[in-house]
Each structure stands twice: as C-alpha cells, then as structure tokens.
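Heads up, the thing below is written out as structure tokens.
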Amino acid sequence: MHSEPVASRSADPRDTKDSRESRNGSRNSTPQLDSVSLAIIEQLQEDGRRPYAAIGKAVGLSEAAVRQRVQKLLDQGVMQIVAVTDPLTVGFRRQAMVGINVEGDTESVADALTDMSEVEYVVMTAGSFDLLAEIVCEDDDHLLDVINKRIRALSGVRSTESFVYLKLKKQTYMWGTR
C-alpha cells in the first residue's frame, strides 16, 4: 500500500475562519480557481465518470489530491456532477422556453418558478423579458397546464410568450473553463 506524504502546517493563531475566507474568497464571492482546478473541471466535462487516478495523471496530482479538489469544487458550488438525459427518451415529449414579463418583484416570481418540477432552468434577463424559464413536460396538455394554470397564475406575472421546441439541434455542457 502506497502512502502519500502529508504536508503539515503549524497552527497560526491569526488563522481564523474569517481570515481563511478572506484569503480564499468568502462563500458569497466567486471562488478563485487555479490552473490545476480548471484542468480537473475540463477533465470531468469530457467524462464525468473519469477515475480520479486518470485525472491525477493528466493534471499532475495524486488520486487523493484530485478527490480532495473535486470535493472542494462541489462544496463551493463551482460545479455539479450529474447524469443528463434526453427528455424524449424518458417520456417528456414537449419542451418550451417561456419568456415572462413581471410587474413588481421579479425575484419572487423567479423563486416560485424554481419550485416547479417542470421548470429546468430560470434566468433573470435584461431585454424583452424579465425572466426566461425552460419547461419540460410530458405532452402539449401538460405544457398548457403549466403555463396557463401555474405560471400565469403567479402573483406579479404580467404576460408570457412561449417558444415551443420543435427539434433540439444542439445541447452541450462543454464550454470549458476558458
């Protein structure tokens, strides 16, 4: 069994949670990512099931170090590792993007949308719509029900415009880390 050397650090009484967050970026700010973390993210974007040992070989770290970095990236909300399905193959025959104009508090309408199971994506925008929401439904009747009885019924929704997907030509999560 091979053991990794453990780097030790003497305790510094000035090293408080606040000083660590200040150094590393607070939970509410954007985490600072070094080139190794970016390379790990790119490896996982190519294959979310790639073994940590293979990632380590590609980025020059041990398997344990990769595991630790991946957990930190997950904990910080920098990335998620999920299975992405094709909605058609799992019984969802209708998708649409819904543009929503809001009167009053846009945030409360956005929060209500995020609570709907059919809503996969919500973004606050500047332009013709205050919000865009991607909806995934079983069929046209289900889509009509979500838009007419649930979205339009939300307090503050002034109007909606629906863009029903006829054919999905491209959907990718491979934008890299630039």
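Throughout, read-outs are computed from the coordinates displayed, never taken from laboratory work. Computed from a predicted model, the values in this text were never measured in an experiment. For neighbour counting, all protein chains shown are included, and Cβ atoms are generated from backbone atoms with ideal geometry for every residue, glycine included.
Using +1 on the beta carbon of Lys and Arg, -1 on that of Asp and Glu, and nothing else charged, what's the dipole of the stretch 87-164 about the Cα centre, debye to 20? Kindly include the intermediate steps, with their values, before the conclusion.
Details: 6 positive and 15 negative charges, 33 e Å.
The dipole magnitude comes to about 160 debye.
Out of the stretch 34-130, which trypsin sites (Lys or Arg not before Pro) are coil in DSSP terms and have no more than 16 other C-beta atoms within 10 Å?
Sites meeting the loop and neighbour criteria: 49, 93.
Of the GluC sites (Glu not before Pro) found in the stretch 78-178, none is in coil by DSSP with at most 10 other Cβ atoms within 10 Å of its Cβ. Computed from the Cβ-Cβ distance with R0 of 30 Å, the FRET efficiency linking residue 34 to residue 154 stands at 0.10. Between residue 101 and residue 50, the C-beta separation translates, for a Förster distance of 41 Å, into a calculated FRET efficiency of about 0.45. Near residue 169, which aspartates and glutamates are there with a Cα under 14 Å away, not counting those fewer than 8 places off in the same chain? The reachable aspartates and glutamates, counting only those whose Cα sits under 14 Å from residue 169, are 86.
Segment residue 117..residue 172, full-extension length gain: 17.6 nm, with 0.36 nm per residue of separation and the alpha-carbon distance subtracted.
Would you kindly state how much longer the chain becomes between residue 138 and residue 80 on full extension, computed as 0.36 nm times their sequence separation minus their alpha carbon distance, in nm to one decimal? Working shown, then result.
On the way: separation 58, 0.36 × 58 = 20.88 nm, distance 2.57 nm.
Additional length available on full extension: 18.3 nm.
The modelled label-to-label distance between residue 108 and residue 126, using points 7 Å beyond Cα along the C-beta direction, is 2.5 nm.
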